[in-house]
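What follows is one structure encoded as structure tokens, with my remarks underneath.
What follows is calculated from the coordinates using simple rules that are stated; it is not laboratory data. Treat the numbers as computed from the prediction; the structure is a model and nothing was measured. Heads up, the Cβs are rebuilt from the backbone with ideal geometry, glycines too, and the neighbour counts pull from every protein chain shown.
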Amino acid sequence: MKNITLHHLSALKRQGEKFAVLTAYDACLANRCSDAGVEVLLVGDSLGMVLQGNDSTLPVTVEEMVYHTRAVARGANGAMVMADMPFMSYATLDVAMDNAARLMQAGAHILKLEGGAWLAETITLLAERGIPVCAHLGLTPQAVNKLGGYRIQGRDDESARQILQDAKALQDAGASMLLLECVPAKLAAQLTAAVDIPVVGIGAGSQTDAQVLVIHDMLGISSGRQPRFVKNFMAGAGSIQEAISAYAGAVKDGSFPAAEHEFE
Ligand code: KIV
């Protein structure tokens, strides 16, 4: 794959073409995803759950994210590498700058931070220093204790309005991308149309500019009950490579997610 840039992803949004994002935590699967045409590899702090067996992402450290980001960057082969800044690693501006530098030096091309308009100053500071940011809105797993569980966000008018306002404020602050998790499909469609930067969805319906899934979920190897928005692409596939290609193809032709994967 040629090197995927923010410029390329913005052009896809303008042209109404969708792109695929998947989590990756090692060089081998990063390579399989890149070969399948997945444009963005997310080194998600979900690794704290799927690799480490924790019940939340909170225990994940910057050291662990640096380790996995290095591995994914080695296997990315032209795909864009997005690394999560883990819990409390951007709690103050100074802490954010130090940790962002470590993740970029490990090979990330863009960093993902969870939160609303309160992140604006951090995003501006990072963007001014050449660090692109994807802001994660809706269900923000690092705030699971405050949210009272992994719940759909933006279902009532007031919280939907707040998410829309946050998205615009973060775009104005200099965010290069947004990620929207577990919100009603209607709200996600409205938000995607309201901003110029690409919006990646997970459990946010079919109208976002891109989709992301946790790779263990789409390969059907995660334990426990799977959320409504997950589809097992390994079912019917002959190999992991085929399953990842089927996922990338389904995102790009708009057949995933289907109505059964959306929230109202
Ligand atoms: O950490 C992660 O993998 C994520 C996705 C669930 C979007 O943030």
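Quick notes on this structure:
- For GLY205, residues with placed amide H under 5 Å, excluding near neighbours: PHE263
- A simple spin-label model places pseudo-atoms 7 Å from Cα toward Cβ; at GLU242 and ARG14 they are separated by 3.9 nm.
- Taking each of LYS146/LYS252; LYS13/LYS112; LYS146/LYS231; LYS13/LYS146; LYS2/LYS168; LYS13/LYS186 in turn, the alpha-carbon distance tops 26 angstrom for LYS146/LYS252; LYS146/LYS231; LYS13/LYS146; LYS2/LYS168.
- Separation of the SER159 and GLU128 label points, Cα + 7 Å toward Cβ, nm: 3.4
- Note on the chain: Cα Rg divided by 2.2 N^0.38 Å, N the number of residues, gives 0.91.
- Remark: the stretch 166-237 projects, on average over all directions, an area of 5.5 nm² (convex hull of Cα atoms).
- Cβ-placed point charges (K, R +1; D, E -1), dipole of the stretch 73-171 about Cα centre in debye, nearest 20: 280
- Stokes-Einstein D for the stretch 106-203, Kirkwood Rh over Cα pairs, 37 °C, 0.692 mPa s (µm²/s): 244
- For the stretch 34-102, relative contact order (Cα pairs under 8 Å, six or more residues apart, normalised by length) works out to 37 percent.
- The chain, helix-only ellipticity at 222 nm - DSSP H runs n ≥ 4, -39,500 (n - 2.57), divided by all residues, nearest 500: -12000 deg cm²/dmol
- On the beta carbon distance between ASP55 and ARG228, with R0 = 25 Å, the FRET formula returns roughly 0.80.
- Over the stretch 1-135, the hull volume per residue, using the convex hull of the C-alpha atoms, is 111 Å³.
- Estimated at 0.36 nm per residue, the fully extended path between GLU63 and ASN77 surpasses their Cα-Cα distance by 2.7 nm.
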